[in-house]
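Undergrad: Can you read through this structure? Questions will come right after.
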2 protein chains.
Amino acid sequence: MAGVDKVVLLDFKVSMFGMRCRVALAEKGIQYEYREEDLRNKSPLLLEMNPIHKKIPVLIHNGKPVCESAIIVQYIDEVWHDKNPFLPSDPYQRAQARFWVDLIDKKAYDAGRRVWTKKGEEQEKAKKEFLELYKTLEGELGDKPYFGGEKFGLVDVALIPFYCWFYAYETCGNFKMEAECSKLVAWGKRCMERESVAKSLVDPKEVYEFVLHMKKVFGIE
Amino acid sequence: MAGVDKVVLLDFKVSMFGMRCRVALAEKGIQYEYREEDLRNKSPLLLEMNPIHKKIPVLIHNGKPVCESAIIVQYIDEVWHDKNPFLPSDPYQRAQARFWVDLIDKKAYDAGRRVWTKKGEEQEKAKKEFLELYKTLEGELGDKPYFGGEKFGLVDVALIPFYCWFYAYETCGNFKMEAECSKLVAWGKRCMERESVAKSLVDPKEVYEFVLHMKKVFGIE
């Protein structure tokens, strides 16, 4: 199948949602064309392929678009199911994995964003909520090597991109994830030993530079 | 398997998310115990089974909880996969179905809620957004009998509970879905011919009574 597949990813380098797709494609060993989008001047192709949300990432597989990163990752897992499956076969474990991905989707982006966009008391509240979320996630990880147990799975793919944003959150929020969630940081380091993750995540310093740039754009500080 | 399964649904009668689970269980012919929750005084069981969100619906299958309605419906489909499958086998069609369910999850509840909680200009804006959403959904339905094509599928299960809320939205917002989205209304009537839907949805007048009650509670009008 790989020989005839044409896979294109419309993406934006520092996007954690884009990184999910990059990790998933790398885990499956899929060759693809990466196209960086200018989010202030979106390409006609992006607007055509994702007319509802007009957002990256979009996976275009043989001309047909798949949108929304958690759905893209499951799609990749279902099409290329033989290599490194992200979901176990047991329906209950599948539902649990989807539950955690859904929680990350509902909370992680906003929780992190508030840490670097808010100030004073609002920022303290944001930090509290951020750390509550990550402590809940750490509780689910427990002593397992991965959220998927012995295997790097759907929840790991969904959460690992946030790991390279930790430095920006910590620096803007004046706290240390190592001190707050050491098991989760150890999990992040463990994931980074995988080539799929190491080559898909962005340097934390580059994420921080992006955050500083956005703070200027938004007129924060 | 059915003989040994114990299935409990923690629910709230007028909840569209609860109705999704009731429709899904009925489609599969699953016997279950229904437990109505008092949302102002949630049961210890609900808090124990869904400690993260503390929300209904929760499906408890042989003592183990599954939370979040879209995940519950997929779980039901995977456990009882032989009867009336909600998802096709093609990965692309599965991803498309998940995309529409995700859009409904992200927008339909809030869009509807704004129609009956807002007034004046804010309500006009809410109505516009509400109708935009439903016209987008109607566009996806097209001339198919169901969102799932010839088969009543995942998107149908996810959206049909909102159909019994249309009367409340229309009455509070002073518009007619029949005039705005006649194909979608025809779809709703078609779905109501299914026993699974007819017995799971609440009488639209009862939904409207609930909305009037909540408006009083919130001090609206």
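The values are calculated or read from the model by the stated rules, or taken from the named source; none is laboratory data. Predicted model, so just to flag it, every value in this text is computed and none were measured. No Cβ is skipped: glycine too gets one built from the backbone with ideal geometry, and neighbour counts run over all protein chains shown. When the accessible area is computed, the model is the full protein with side chains, heavy atoms only, and any ligands, DNA or RNA have been set aside. Shrake-Rupley method; radii C 1.70, N 1.55, O 1.52, S 1.80 Å.
Undergrad: List the GluC sites (Glu not before Pro) within region B:151-200 that DSSP assigns to loop and that have no more than 12 neighbouring Cβ atoms inside 10 Å.
TA: Within region B:151-200, the qualifying GluC sites (Glu not before Pro) (loop, at most 12 other Cβ atoms within 10 Å) are B:E193.
Undergrad: Moving to a separate point now. Per DSSP helix of 4 or more residues, -39500 (n - 2.57); summed, then divided by the residues of chain A. What does that give at 222 nm, rounded to the nearest 500?
TA: -18500 deg cm²/dmol
Undergrad: Using protein heavy atoms only (no ligands, DNA or RNA), what is the total accessible area buried between B and A, 1.4 Å probe, nearest 100 Å²?
TA: Its buried surface, counting both partners, is about 2300 Å².
Undergrad: Count neighbours as other Cβ atoms within 10 Å of each site's Cβ, and list the trypsin sites (Lys or Arg not before Pro) in region A:71-111 that are DSSP loop with at most 12 such neighbours.
TA: Counting only loop positions with at most 12 other Cβ atoms within 10 Å, the trypsin sites (Lys or Arg not before Pro) in region A:71-111 are A:K83.
Undergrad: Also: Among the listed pairs A:K28/A:K135; A:K54/A:K107; B:K107/B:K151; A:K64/A:K135; B:K6/B:K83, which are separated by more than 28 Å between their Cα atoms?
TA: A:K28/A:K135; A:K64/A:K135
Undergrad: Further, regarding this structure: If N is the number of residues in region A:84-189, what value comes out of its Cα radius of gyration divided by 2.2 N^0.38 Å?
TA: Normalised by 2.2 N^0.38 Å, the Cα Rg of region A:84-189 equals 1.09.
Undergrad: Here is a follow-up. Expressed in nm², what is the orientationally averaged projection area of the convex hull enclosing the Cα positions of the protein assembly as shown?
TA: In nm², the orientation-averaged hull projection of the protein assembly as shown is 22.7.
Undergrad: When we measure straight from the Cα of B:K42, which aspartates and glutamates land under 17 angstrom away, once same-chain ones fewer than 8 places off are left out?
TA: B:D11, B:E68
Undergrad: Using the Cα gyration tensor of region B:145-208, with a ≥ b ≥ c the square roots of its eigenvalues, what is the shape: rounded (a/c below 1.5), prolate (a/b larger than b/c) or oblate (neither)?
TA: oblate
Undergrad: Just to confirm the filter: which GluC sites (Glu not before Pro) across region A:33-76 are DSSP coil and have at most 12 other Cβ within 10 angstrom of their Cβ?
TA: Of the GluC sites (Glu not before Pro), not one in the loops of region A:33-76 has a Cβ with at most 12 other Cβ atoms within 10 Å.
Undergrad: What nm distances, shortest first, do you get from the label point of B:K216 to those in the other copies when the point sits 7 angstrom along Cα to Cβ?
TA: Spacings between copies for this position, smallest first, are 5.8 nm.
Undergrad: Percent antiparallel among DSSP beta bridges with both residues in the protein assembly as shown, to the nearest 5?
TA: So the antiparallel bridges amount to about 70 percent of the total.
Undergrad: Here's a follow-up. Between region B:74-103 and region A:160-177, how far is it from one alpha carbon centroid to the other, in angstrom?
TA: Cα centroid to Cα centroid, the span is 36 Å.
Undergrad: For region A:63-134, compute Rh as the Kirkwood radius over C-alpha pairs and then the Stokes-Einstein diffusion coefficient at 10 °C and 1.306 mPa s; write the answer in µm²/s, rounded to an integer.
TA: Taking Rh from Cα pairs, D becomes 110 µm²/s.
Undergrad: Consider just the alpha-carbon atoms of region A:28-102 and return their Rg together with their Dmax, both in angstrom.
TA: 14.5, 44
Undergrad: What shape does region B:1-140 take by its C-alpha gyration tensor, where a ≥ b ≥ c are the square roots of the eigenvalues and a/c under 1.5 counts as rounded, a/b above b/c as prolate, and the rest as oblate?
TA: Oblate shape, in that a/c is at least 1.5 and b/c is the bigger or equal ratio.
Undergrad: Using a Gaussian network model on chain B with a 10 Å cutoff between Cα atoms, which of B:A26, B:A70, B:A198 fluctuates the most?
TA: B:A198
Undergrad: Using a 1.4 Å probe on protein heavy atoms, which residues of region B:62-96 have at least 40 Å² less accessible area in the complex than alone?
TA: Buried-area filter returns B:K64, B:E68, B:I71, B:Y75, B:E78, B:P91, B:Y92, B:A95.
Undergrad: Any idea what the B:K189 label distances to the other copies are, label 7 Å down the Cα→Cβ vector, nm, shortest first?
TA: Shortest to longest, the spacings are 6.6 nm.
Undergrad: Can you list, shortest first and in nm, the gaps between the label point of A:K42 and those of its counterparts in the other copies, using a point 7 Å from Cα in the C-beta direction?
TA: Here A:K42 shows inter-copy label distances of 3.4 nm.
Undergrad: Leaving out ligands, DNA and RNA, and with a 1.4 Å probe, what % of the accessible surface on region A:91-218 is carbon or sulfur?
TA: Carbon and sulfur together cover 49 percent of it.
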